Amino acid sequence: MLSKRIIPCLDVRDGRLTKGIKFKGNVDIGDPVETARQYYEQGADEIVFYDITASHEERGIFLDIVEKVASTIFIPFSVGGGINTVDDMRDALNAGAEKISVNSGAVKNPDIISQGAARFGSQAIVLGMDVKQVEVTEQIPSGYEIVIHGGRKHMGIDALDWAKTAEALGAGELCVNSIDADGTKDGYELNLTRMITDAVQIPVIASGGAGHPIHMYDALTKGGASAALIASIVHYGEYTIPDLKKQIQGMGCKMRLTW
């Protein structure tokens, strides 16, 4: 059995670490570079950075922060937000990121997935999916819809169909974020996570809702995810990454223990 991964997620706005609930009410909670260093030292498997307003504000990603992080941590990290072209991908990778997360830009131009995969390899391309549960319709048969621009714009695209399309286009990994669960600390959206993991062959990261180690265990086992994205549970000091890994492994899920 492959070890599962724990991935802290750092949402960045105006150069500062921020956190909200269901994509709303974001508050400043610190310095993203220093926080990344702390999580690296604690044993995070990877780290994800999102410039959460770049797409909405129609600007590029925070390359200065990417460069600072790359000189501070020595584990894989991915960046997303405002990446709309292959040149944007190249700039982020040259700044030190190992993976690129495309989200809104890929919904508007799916070819960016295949172009990025051809240029940099599928392993470098992560599709971020912001998903909201909606009424089941002919257009959205799964009952889960893709929403872009930080939860601001519903796209009328079925999440399950989009996951399959992204895999076919060359995405190497999917990060499935439930807007309904985001920041609530009530647990991941397991039905959504399982639906996606059963439909694709590439790794799936569960995102949105971690509040207790059992939530992560459920996402990694019942949900079938390869990794669990976390934010509030560590940002506010409720758990350290070693605490989480020890407890999840104690429940019977193999983790990467680095101490």
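Just so it is clear, none of the values below were taken in a lab; they were calculated from the coordinates. It should be emphasised that the depicted structure is a prediction, and the values quoted were computed from it without experimental measurement. Neighbour counts run over all protein chains shown; Cβ positions are idealised from the backbone, glycine included.
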What is the local net charge at residue 4, summed over the other residues whose Cβ is closer than 10 Å to its Cβ (Lys, Arg +1; Asp, Glu -1)? +3
Which whole-number percent gives the relative contact order of the stretch 5-250, counting Cα pairs below 8 Å spaced six or more residues apart? 17 percent
For the stretch 117-162 the GluC sites (Glu not before Pro) that pass both the DSSP coil test and the at-most-15 other-Cβ-within-10 Å test are 135, 138
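For the stretch 5-250, take the alpha-carbon Rg, divide it by the Kirkwood Rh, and send me Rg/Rh.
That ratio equals 0.93.
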If you take every DSSP beta bridge whose two residues both sit in the chain, what share of them, in percent to the nearest 5, is antiparallel? 30 percent
Can you tell me how much longer the chain between residue 155 and residue 85 gets when fully stretched, taken as 0.36 nm per residue apart minus their C-alpha distance, in nm with one decimal? 23.2 nm
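Counting each DSSP H run of 4 or more residues in the chain as -39500 (n - 2.57), what helix-only mean residue ellipticity at 222 nm follows after dividing by all residues, to the nearest 500 deg cm²/dmol?
-9000 deg cm²/dmol
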